[in-house]
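The values are calculated or read from the model by the stated rules, or taken from the named source; none is laboratory data. Computed from a predicted model, the values in this text were never measured in an experiment. Cβ atoms come from the backbone with ideal geometry, glycine included; neighbour counts cover every protein chain shown. Note: areas computed on protein heavy atoms with side chains; ligands, DNA, RNA excluded. Shrake-Rupley method; radii C 1.70, N 1.55, O 1.52, S 1.80 Å.
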Amino acid sequence: MVRAQSAHRNAGGKAMEPDGLIDFHHHVIPPALTQELADSLGAGGESRLRMPAWSKDGMLSFMDDNRIGTAVSSVAVNVSSTNIPGTVKMARECNDFLAGLVHDRPDRFGGFGILPLPYVDESIAEIDRILDELSLDGVILSTNYMGTYLGDPAFDAVFEALERRRALVFVHPTASPDAVAHTLGIPDFVIDYVADTTRAIARLHYSNTFARTPSVRYIFSHAGGTVPFIVQRFDLLDATQVVPGSEIRGNARDQFRRLHFDTAISFQEPVLALAGDVIGQSQLVFGSDHPFSMDMAAGAATAINSADYLSPEDRDAIGWQNAQRLLPRLAGRASGA
């Protein structure tokens with residue numbers, strides 16, 4: 001069984017391999033997030049994706065079976081609605097649940113708190129509660145909130161707050177706001193999740209939000225959506241200089257190399273090779289996407305634990321070393337302490 005997953009230390013104090021992978025894309029489904037609510041979220045795509053069964057014991061069993069030491073967990077879907085008090089209440093209840101998991105098993109769990117966006121003042125207040133009162137590791141953002149994308153000026157104050165806190169930010173896709181996409185008759189996770197991640201990255205870059213938040217540490221789901229496959233198109237756009245503000249943000253390829261991408265449903269050799277080429281091996285982190293698509297989640301762990309298309313050095317980097325740089329507390333706790 002996997003024991004407490006903090007890094008071992010050698011005699012010189014250098015961080016060594018922890019007792020398992022560090023998983024940055026690992027979902028929980030709090031009791032407050034009922035099936036009825038989950039079915040009402042996301043016009044079309046997400047509403048057709050049933051919530052899987054989830055339990056703390058099942059989560060730990062999966063982690064042990066797949067050599068995952070730490071799961072830095074997040075809520076499975078965003079909680080946005082037109083009901084402001086209801087959105088705030090749901091976000092707080094989900095965050096309290098996450099904090100309870102971490103409090104009970106700090107040796108196994110971390111957490112990304114969820115914000116009640118698109119409501120800005122309420123979200124800024126929740127950032128402080130997440131990081132100060134609940135002592136969670138960072139926040140999770142969705143790629144868009146009821147059609148308003150990250151990088152929109154409406155969210156500038158939220159990103160200013162995240163920059164002040166030097167926050168760790170995990171960005172996860174959500175339902176596409178494009179009604180036409182839903183006429184295809186397939187859930188959003190097949191096509192639109194990766195496309196929506198790409199849209200959010202592009203909007204954050206070309207709005208100069210990335211440039212204005214140099215202290216924020218970003219992790220994007222699913223190997224950055226389609227970015228690794230179309231990065232040359234960003235090169236072409238930058239060469240044309242048709243988007244104002246290039247003197248502030250620089251070019252996209254350079255900015256992308258400060259981002260982190262996870263391996264959830266993106267652990268195949270060609271995908272990791274492309275993603276590593278775009279952002280660097282030091283920026284790839286492990287993600288399982290548990291409890292969705294359990295076979296894929298287990299396959300992601302197997303790939304990082306033993307794939308012959310990764311060198312031992314790359315497996316260590318993706319599996320735990322890069323994560324420890326993002327979350328130094330995971331490197332600073334002696335095994336078994």
**Isotropically averaged projected area of region 162-263, using the convex hull of Cα atoms (one quarter of hull area), nm²** = 7.0
**Fill in**
For the pair residue 313 and residue 160, the simple spin-label estimate (label points 7 Å beyond Cα toward Cβ) gives in nm 4.4
**Message:** Explain nothing, just compute: Karplus ³J(HN,Hα) = 6.51 cos²θ - 1.76 cosθ + 1.60, θ = phi - 60°, for every residue of region 202-213 in order, whole Hz, x for Gly and Pro.
**Reply:** 4, 5, 5, 6, 6, 7, 6, 5, 4, 5, 7, 10
**Prompt:** Given +1 on the Cβ of Lys and Arg, -1 on the Cβ of Asp and Glu, and no further charges, what dipole in debye does region 56-207 carry about its Cα centre, rounded to the nearest 20?
**Reply:** 160
**Equivalent ellipsoid semi-axes, region 71-192, via Cα gyration tensor eigenvalues times 5, rooted, Å** = 25, 17, 13
**Item:** At R0 = 22 Å, FRET efficiency that the Cβ-Cβ distance of residue 105 and residue 55 yields, to 0.05
**Value:** 0.95
**Fill in**
Counting sequence-distant residues (5 or more places) and residues on other chains, those with an amide H built under 5 Å from that of residue 68 are 21
**Prompt:** For region 268-321, what is the convex hull volume of the alpha-carbon atoms per residue, in Å³?
**Reply:** 74
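Just order 276-289, 65-78, 304-317 by mean Cβ neighbour count inside 10 Å, highest at the front, would you?
Top to bottom by mean Cβ count within 10 Å: 65-78, 276-289, 304-317.
So with the 1.4 Å probe, I'd like the accessible area per residue for the chain, rounded to whole Å².
40
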**Asked** Considering only protein heavy atoms, what is the solvent-accessible area of residue 103 at a probe of 1.4 Å, reported in Å² to the nearest 10?
**Response** 150
**Fill in**
The farthest towards the positive end of the charge dipole of the chain, of the residues 79, 55, 141, given +1 on Cβ of Lys and Arg and -1 on Cβ of Asp and Glu, is 141
**Item:** Portion, in percent, of the accessible area of region 93-213 that falls on carbon or sulfur, probe 1.4 Å
**Value:** 54
**Prompt:** Treating the beta-carbon of each Lys and Arg as +1 and of each Asp and Glu as -1, no other charges, what is the dipole magnitude of the chain about its Cα centre, to the nearest 20 debye?
**Reply:** 660
**Fill in**
For residue 110, the residues 5 or more places away or on another chain with a placed amide H closer than 5 Å to its own amide H are 71, 72, 73
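Please report, as a whole percent, how much of the solvent-accessible surface of region 267-337 comes from carbon and sulfur atoms (probe radius 1.4 Å).
Ligands and nucleic acids excluded, carbon and sulfur reach 56 percent.
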**Asked** Of all chymotrypsin sites (Phe, Trp or Tyr not before Pro) in region 223-258, which ones are in loop regions per DSSP and have a Cβ with at most 10 other Cβ atoms within 10 Å?
**Response** none
**Message:** For the chain, compute Rg over Rh where Rg is the Cα radius of gyration and Rh is the Kirkwood radius from the inverse mean 1/r over Cα pairs.
**Reply:** 0.94
**Item:** More than 14 angstrom apart: percent of Cα pairs within region 120-168
**Value:** 50
